[in-house]
Amino acid sequence: MSKKKTWFYLFSAPVLIALFLVVLLPFFYGIFYSFTNWDGVSQSAFVGISNYINALKDPTYLASLWFTIKFSVIAIVLINVIGLGLAVLVTNKFKGANILRTIFFMPNLIGGLILGFIWQFIFVEAFSAFGKLTGIPGLGSWLATTNTGFWALVIVMVWQYSGYIMVIYISYLQGIDQSLLEAADLDGATAMQKFWQIKFPLIMPGFTVSLFMTLSNCFKLYDQNLSLTAGGPYNSTQMVAMNIYNTAFSMNKMGFAQAKAVIFFVFVAIISLTQVYLTSRKEIEA
């Protein structure tokens, strides 16, 4: 046992050291700098909680937070609904199901910035050409307004992430005991009854995982926001991650940006932990 523990700690050490240096150490340094006026160059001075007070009074930060919340709520619902629907579709036995799995998952393999620029071309060039062809006004300026820019971000996020969430739901759907479904067939249950009464309660752990992952990814989105709208027009489609980045590297207010980041971290952590707690209770009831 002592030798096993020695090898365990030996092989775990590089991972733990990397975790400490890359994640934990910068995190605690960030908390420290959030109480200073550090600009990234000059010597910092302690300013107490003034950065936090100013962050909560900053209208651009609050606007970006509200925009991020609206985006996340809609995107999370659509991603999980579509992902679950695709999982149910491809777990049915028919020819081409495996090909469809690959097709639905492929968008997740494209990097965020590249994906954003591809869809930027679609929204600007393709939509403009289609608008001229059909005479539908407004298609050429899809990324130029707050409302259409919002839905562009939602469309890209849902298109990219639904296939990944589909894979999670597939793993839980395939783990369902088939004898339960066969018994339901003998009792004359319809397809909808089997889904809501048998399948859905049994895949609640997958719902917990999927909801947590989509929640965290939607809230911290930056790359698609940058490549699609860059926060425009007039920062009306700026999400929290971009607001923090611009505060740090455009305005050179590193301490202020760190305070915004800490507030955002606490906000997302509270929502995520609450979500996991509530959905886990449903698993127990199921």
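Below are the figures for this structure:
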quantity: Residues of the stretch 48-281: accessible area per residue with a 1.4 Å probe, Å²; calculated: 52
quantity: Interchain or long-range residues, amide H under 5 Å from Thr36's placed H; calculated: Val47
quantity: Answer label for Cα Rg over 2.2 N^0.38 Å (calculated), chosen among (1) 1.42; (2) 1.28; (3) 1.23; calculated: (3)
quantity: Rounded to whole Å, sorted largest first: equivalent-ellipsoid semi-axes of the stretch 168-266, Cα gyration tensor; calculated: 47, 14, 9
quantity: Label-zone membership for the stretch 101-132, site Asn147, 7 angstrom Cα→C-beta point, backbone N under 13 Å; calculated: none
quantity: Carbon + sulfur, % of accessible area of the stretch 48-281 - ligands and nucleic acids excluded, 1.4 Å; calculated: 70
quantity: Sites Phe249 and Asp187 - FRET efficiency at Förster radius 45 Å, r taken between beta-carbons, to 0.05; calculated: 0.15
quantity: Two-decimal Rg to Rh for the stretch 106-238 - Kirkwood Rh, Cα set; calculated: 1.15
quantity: Alpha-carbon centroids, the stretch 121-183 and the stretch 229-264: separation in whole Å; calculated: 26
quantity: FRET efficiency, Phe46 to Ser272 (Cβ-Cβ, R0 30 Å, nearest 0.05); calculated: 0.45
quantity: Relative packing of peptides 116-122, 204-210 - highest average C-beta neighbours within 10 Å first; calculated: 204-210, 116-122
quantity: Mean Cβ neighbour count within 10 Å, used as a protection proxy, ranking 173-186, 101-114 highest first; calculated: 101-114, 173-186
quantity: The stretch 48-281 - percent relative contact order, Cα under 8 Å, separation 6 or more; calculated: 31
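The values are calculated or read from the model by the stated rules, or taken from the named source; none is laboratory data. Owing to the predicted nature of the structure, the values given are computational and were not obtained by experimental measurement. We place every Cβ from the backbone using ideal geometry, glycine too, and count neighbours over all the protein chains shown. When the accessible area is computed, the model is the full protein with side chains, heavy atoms only, and any ligands, DNA or RNA have been set aside. Shrake-Rupley method; radii C 1.70, N 1.55, O 1.52, S 1.80 Å.
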